[in-house]
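Have a look at the structure below, then the notes.
The values are calculated or read from the model by the stated rules, or taken from the named source; none is laboratory data. For clarity, every value in this text was computed on a predicted model and none was experimentally measured. Using ideal geometry, Cβ is built from the backbone for each residue, glycine included, and neighbour counts are taken over all protein chains shown. Keep in mind that these areas ignore ligands, DNA and RNA; they rest on the heavy atoms of the full protein, side chains included. Shrake-Rupley method; radii C 1.70, N 1.55, O 1.52, S 1.80 Å.
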Amino acid sequence: MIEIPELAAGALAAGTVSAFVLGGGLLKARQRSSRQRDETDSLRSRLVASREELEAAREELDDLTAAFTSEVVHLSGKRMPAAATHAAHPHFQVPGPLQPELGGKELAAGLDAVLDGLRTAVAQERKRVDAAARAGMRGATREIQAGLYRLQDVLRGLQERYDDPELAQTLYALDHENEQSLRRAQVAAVVCGAWVGLARGESYLVEAVTGGQSRLAGYDRVEVHNHLEDGTGLISHAVEPVAIIVAELLDNALRYSSSDTSVGVHLERVHHGVSVTVDDAGVGMSSDERAHAQRMVAGEEPIFLSELGDPPRMGLAAIGQLTRQFDLSVDLSSPSPYGGVRAVLLVRDHLLCRIAPEERRPAAAAPRSTRDTTQEATHALAADEAPVAAAPKPDPDPAPVATPTRPDTPPADGDELPRRRRKVRTDAQAATQSDARPAPSKPRPAAHRSPEEQAAALGALQAATAAAREERPAQQPHDTAGDRPGTSEGNTPDE
């Protein structure tokens, strides 16, 4: 039989073991609870951090949205209109982005791509509109040129039909006015991409220069100095372009210089061809104006009609078109030693040719070359003094007037008259003629006269008018119609 003390000891031992087991469980539970509490606190702190990061991200997104919105508003309100204006006026500045720090991001790259696309679209639209304007103006100038050429034929037919001095002077003045209008229409057509309008044969270079001179008001202020060898000519397709370029350079020189000064033109042989130098004593140009004019005449940049001003100034633009098309060059980079502008036209060797003077003599009005003048004068005198058949004078009453000797006109011998050639008088000579003998009361047609009679009448008229020009008072240099610069054309300069 088990005793009570032994039972008590066993129970006590079992209670002790149970207490230790329960204590260990409680300790483990407390440790587990502590770990869970720490994990909860850590999770709570992470949640707080995440919430703060989320708030910061939300604020950053709001800032980016505001920046994007402001950049888009700035792009549409400022940068795009400025870019469109810059396409027509390169000096106009295009503003940059509001926040330059966005330059390295995709947003800034996308905004710049929008501007690039706008510039491309504007450039294409400008070309399309300018091409349409050129086509319209080209068609209009073609019709105007055709009408002016018909009027020119009518005027020259009247000049050949009637020999009345007063009527001839009026007809020549009208022909000169028509020539100036024709030049303006021709320049406008050239700027619009049309052909020069005339097809000529080979011609002396000096005749192309004087031909351009004769198309201007104030042509008598131009002094041409020919230092070329005899027979220096231009191939056929270069004659009219050279005449147009010389006319525009001289027009600018005459417009920007005083009416009491002269404009010098020098024709010189250079290494690569022939140079035509135009010097004036006018107001000159600043460095910026000279640089702009040089870019225009170089013909390297596209020219838009909208850039030529209002009214359009087409002279330099036409020169640029011709220099590019016909391999000519014009230099305006150096000022004139007389204080104005110096323009140098270079005609290269492949545009030059040789014309035999004995087969085709230059025009009587063309300045003679300064090279070997004695031999040339002897040759010209021998050719010009070839006698022609004597013909009755149309008006035997007035006493014969001796023709004054001039460097470029051989003297007549007695009653012998110079041989008549086609186009012996240029427009420049015709516009300065004055009536030196009494005119008949009514114009007399010359349709039934013989060639000898017509030559005699024309020779007498030339001799009388030449004498009258020499006897005019020095204080009246401009006494004929169409002889003053700026009277037949507007005052709009071409530079």
Do you know which of the residues in the stretch 324-350 that are touching a strand residue (DSSP E or B) at 6+ places or on another chain (Cβ under 6 Å) and crowded, with 19+ Cβ neighbours inside 10 Å is farthest from residue 236 (Cα to Cα)? 336
For the stretch 178-211, give me the residue count where each residue is within 19 Å of residue 231 (Cα to Cα) and under 22 Å from the mean Cα position of the chain (by Cα). 3
If I filter the stretch 238-247 for residues that are open to solvent by 30 Å² or more (accessible area, probe 1.4 Å), of a type outside the set (Asp, Glu) and either more than 17 Å from the chain's Cα centre (by Cα) or within 26 Å of residue 358 (Cα to Cα) (or both), do I get at least one hit? no
The correct count of residues that are open to solvent by 10 Å² or more (accessible area, probe 1.4 Å) and in contact (Cβ under 8 Å) with a residue 40 or more places away in the chain in the stretch 189-198 is 4
The listed residue being among the basic types (Lys, Arg) and more than 30 Å from residue 196 (Cα to Cα), out of 51, 138: 51
Would you confirm whether any residue within the stretch 164-187 is crowded, with 20+ Cβ neighbours inside 10 Å and not in a helix (DSSP H, G or I)? no
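Suppose we keep only residues that are assigned to a helix (DSSP H, G or I) and among the acidic types (Asp, Glu) within the stretch 227-267. Which one would you say is nearest to residue 298 (Cα to Cα)? Explain how you work it out, then say what you get.
Keep residues of the stretch 227-267 that are assigned to a helix (DSSP H, G or I), which gives 236-255.
Okay, now just the ones that are also among the acidic types (Asp, Glu), so 240, 248, 251.
Working: 240: 18, 248: 14, 251: 18 Å.
Filtering first and then ranking leaves 248.
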Residue 207 passes all but one of (1) assigned to a helix (DSSP H, G or I); (2) out of contact with any strand residue (DSSP E or B) (no Cβ under 9 Å at 6 or more places or on another chain); (3) open to solvent by 30 Å² or more (accessible area, probe 1.4 Å); which number fails? (2)
Just a yes or no: is a residue in the stretch 278-294 open to solvent by less than 10 Å² (accessible area, probe 1.4 Å), over 18 Å from residue 223 (Cα atoms) and modelled with pLDDT of 90 or more? no
Of the residues in the stretch 115-158, how many are without any contact (Cβ under 8 Å) to a residue 24 or more places away in the chain, among the charged types (D, E, K, R) and over 30 Å from residue 84 (Cα atoms)? 4
All but one of (1) open to solvent by 10 Å² or more (accessible area, probe 1.4 Å); (2) farther than 14 Å from residue 213 by Cβ; (3) of a type outside the set (Lys, Arg) hold for residue 274, so report the exception by its number. (1)
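Quick one: how many residues across the stretch 317-361 are at positive phi and without any contact (Cβ under 8 Å) to a residue 40 or more places away in the chain? Full working, then the answer.
In the first step, residues of the stretch 317-361 are kept if they are at positive phi; the result is 327, 339.
Next, from what is left, pick out any that are without any contact (Cβ under 8 Å) to a residue 40 or more places away in the chain: 327.
Adding up the residues that qualify gives 1.
With 222, 263 as the choices, which residue is open to solvent by less than 10 Å² (accessible area, probe 1.4 Å), more than 20 Å from the chain's Cα centre (by Cα) and in contact (Cβ under 8 Å) with a residue 24 or more places away in the chain?
Working: 222 fails: open to solvent by less than 10 Å² (accessible area, probe 1.4 Å).
That would be 263, the only listed residue that is open to solvent by less than 10 Å² (accessible area, probe 1.4 Å), more than 20 Å from the chain's Cα centre (by Cα) and in contact (Cβ under 8 Å) with a residue 24 or more places away in the chain.
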Kindly check whether there is at least one residue in the stretch 268-289 that is closer than 30 Å to residue 231 by Cα, assigned to a strand (DSSP E or B) and of a type in the set (Asp, Glu). yes
Considering only the stretch 182-199, I want to know if a residue exists there that is farther than 30 Å from residue 90 by Cβ, charged (D, E, K, R) and modelled with pLDDT under 90. yes
For the stretch 89-99, give me each residue that is open to solvent by 50 Å² or more (accessible area, probe 1.4 Å) and of a type in the set (A, V, I, L, M, F, W, C). 92, 98
Residues (modelled with pLDDT under 80 and exposed (fewer than 11 other Cβ atoms within 10 Å of the Cβ)) located in the stretch 61-88: 63
For the stretch 297-304, does any single residue satisfy the condition of being open to solvent by 40 Å² or more (accessible area, probe 1.4 Å), part of a loop (DSSP other than H, G, I, E, B) and not acidic (Asp, Glu)? yes
